[in-house]
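One structure is given here, and the rest of the page talks about it.
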Amino acid sequence: MNKLDALNEMKRQIGYSEMEQVLSYYNIRVIRKKMLCPFPGHNDRHLGNCTLTDRGYVYCFACGRKASAIDMVMMNENLEFVPALEFLWTTILGRTLPEYDKPEKRKYPVLSVKDLSFIGLNSPSIKYVRFYINLSEDKDEDLPKDCYMDRDGLDNFGIYKKERSNSFFDLIENDPKTAKGIATAKCKDTEKYYLGILKDLDDVSTEYGKTAAFDAGFKKDSKEYCLSQIEKCKFIMKKINKIHY
């Protein structure tokens, strides 16, 4: 089958039911076709602002944005149209791709926006990279624009320049060592957070422990939830560990 025809046929088959599966995959709760706005930058607290239309689109009356199922995948996975359609088709819907040229493998493992958000990197477009320039013995030296000093020893001061990376995914491509360090630290912090809650559930001196002592169901559900989140951290860490430099 011609690739363009195959992609168009796949797109034609994605509608209301498929959007429901996409929203479920991204843990977006829908109540009578209403939901909190899933679009970045809109801190929505009103359930009625955003709706799932009969044609399978998400539309927010407050921020005015609209998205198809493919748009949602592009937004959450940082993918272009064709890779997003293939990801939706195979990973979310569990369908087999038609016979045509298969997608190229990525250079790096897929760290999705969902992964980054889970470990606390909610704004992957505002990361800064520190570039070393030289040493100085004069802490009052006039520095070029966008440069700053940091003590690198007892007598010397390092001069660095802080430059903005367009996105965390660009940072992975251009400075994988820095990206890996940031992601690793955030993932460990997230895992430590849930391990801490597990510990508190058995400690009656904590708020979690006090509640758990009187509510066995709460304790059981909380432990299961924390363990699932810890497993998610381990899964994301496996992706991070495959970033090479």
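Quick look at the numbers
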item: Which numbered condition E104 misses (of (1) within 19 Å of the chain's Cα centre (by Cα); (2) loosely packed, with under 13 Cβ neighbours inside 10 Å; (3) of a type outside the set (K, R); (4) at pLDDT below 60); result: (1)
item: Residue selected from region 111-132 under the condition at pLDDT 50 or above and aliphatic (A, V, I, L, M), by the criterion nearest to I240 (Cα to Cα); result: L111
item: Of all residues making up region 61-79, the number that are touching a helix residue (DSSP H, G or I) at 6+ places or on another chain (Cβ under 7 Å), assigned to a loop (DSSP other than H, G, I, E, B) and within 19 Å of I14 (Cβ to Cβ); result: 1
item: Members of region 34-60 found to be over 23 Å from the mean Cα position of the chain (by Cα), in a loop (DSSP other than H, G, I, E, B) and surrounded by 12 or more Cβ atoms within 10 Å (Cβ to Cβ), listed by number; result: T53, G56
item: Subset of region 218-245 [hydroxyl-bearing (S, T, Y) and part of a helix (DSSP H, G or I)]; result: S222, Y225, S228
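The values are calculated or read from the model by the stated rules, or taken from the named source; none is laboratory data. On a predicted model such as this, the values are computed, not experimentally measured, just so you know. Backbone-built Cβ (ideal geometry, glycine too); neighbour counts: all protein chains shown.
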